[in-house]
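Take a look at the structure below.
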Amino acid sequence: MVLSIGERIKGFLFSPSDTFDNSKGDTIGDAFKYFVVILMIPAVLLAIIAAVAFSLIAGMLGMFGVPMMPLGAATGPLLAVGAFILILVGGIIGVFIDGLWLHIWVYLVGGKEGIEQTIKAVMYGATPSLLLGWIPIVNFIALIWALIVGIIGVRQLHGLSTGKAVLAVIIAIAIPLIIYVAILSAFMATVP
């Protein structure tokens, strides 16, 4: 059964297990199209926010006699386009890197359905954070829900137990986090 984008959104937000079961036969191209469509939502919203924020700051600086940027009034729209492209390209590159990294751990805990299934789990699992992640306070809940939806995706698409899916996702998150904390700690130790 082929689901529309609206049905997928509703499914991944409210009944992810069933929706992942219905998505097992999706191609990576199907998941990619869905991901790009929902990635456009935060890309557009953040581009608008960037343009409005720049306009406000430029207006305030103008009130104090501070000259505009070298491009003048065109800077706001250019900033918006740049933010949109950065979010779109960064999101696309990031989802494939995240999928590849996660797949290492999925494979090691027993997931043998292929990297495509892992990348699909990451793309579809991002639904809550991409749709709701721009809203203050709600963004924290959306991030946790996206993590849970991603775990459900790994479980359903690879036929793993919940424990193994959780283990794979936790390891994939913990290792970069530990490295980040170690680097930050080393840096902080060198600051007088």
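Criterion first (out of contact with any strand residue (DSSP E or B) (no Cβ under 9 Å at 6 or more places or on another chain) and at pLDDT 95 or above) does residue 134 satisfy it? Walk me through how you get there before you give the answer.
On the way: out of contact with any strand residue (DSSP E or B) (no Cβ under 9 Å at 6 or more places or on another chain): yes; at pLDDT 95 or above: no.
Answer is no for this residue.
Write out, first by first residue and then by second, each pair whose Cβ atoms fall under 9 Å of each other, whose residues are 6+ apart or on separate chains, and whose first residue, in region 149-165, is without any contact (Cβ under 8 Å) to a residue 24 or more places away in the chain and surrounded by fewer than 21 Cβ atoms within 10 Å (Cβ to Cβ) while the second is assigned to a helix (DSSP H, G or I) and not charged (D, E, K, R).
Going by the 9 Å Cβ cut-off, the qualifying pairs are 162/151; 162/152.
Scan 137, 171 and give me the residue that is free of Cβ contacts under 8 Å to residues at least 24 places away in the same chain and either charged (D, E, K, R) or surrounded by fewer than 22 Cβ atoms within 10 Å (Cβ to Cβ) (or both).
The conditions single out 137.
Is it fair to say residue 182 is part of a helix (DSSP H, G or I), under 20 Å from residue 21 (Cα atoms), free of Cβ contacts under 8 Å to residues at least 40 places away in the same chain and not aromatic (Phe, Trp, Tyr)?
Criteria not met by residue 182.
If you check every pair at least six apart or on different chains, which have Cβ atoms under 6 Å apart with a residue in region 103-116 that is farther than 16 Å from residue 156 by Cβ first and a residue that is β-branched (Val, Ile, Thr) and assigned to a helix (DSSP H, G or I) second?
105/171
Among the listed residues 165, 142, which satisfies the condition of being at pLDDT 95 or above, aliphatic (A, V, I, L, M) and within 23 Å of residue 49 (Cα to Cα)?
142
Regarding residue 102, is this residue modelled with pLDDT of 95 or more and surrounded by fewer than 18 Cβ atoms within 10 Å (Cβ to Cβ)?
When the stated conditions are applied, residue 102 does not pass them.
Working only within region 80-124, note down all residues that are over 17 Å from the mean Cα position of the chain (by Cα) and among the aromatic types (Phe, Trp, Tyr).
Selection gives 105, 107.
The rows are residues; the columns are (1) in contact with a strand residue (DSSP E or B) (Cβ under 9 Å, 6 or more places away or on another chain); (2) of a type in the set (A, V, I, L, M); (3) under 15 Å from residue 88 (Cα atoms).
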{"position": "16", "(1), (2), (3)": "no, no, no"}
{"position": "31", "(1), (2), (3)": "no, yes, no"}
{"position": "34", "(1), (2), (3)": "no, no, yes"}
{"position": "37", "(1), (2), (3)": "no, yes, yes"}
{"position": "41", "(1), (2), (3)": "no, yes, yes"}
{"position": "49", "(1), (2), (3)": "no, yes, no"}
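The values are calculated or read from the model by the stated rules, or taken from the named source; none is laboratory data. The structure displayed is predicted, hence computed values, not measured ones. No Cβ is skipped: glycine too gets one built from the backbone with ideal geometry, and neighbour counts run over all protein chains shown.
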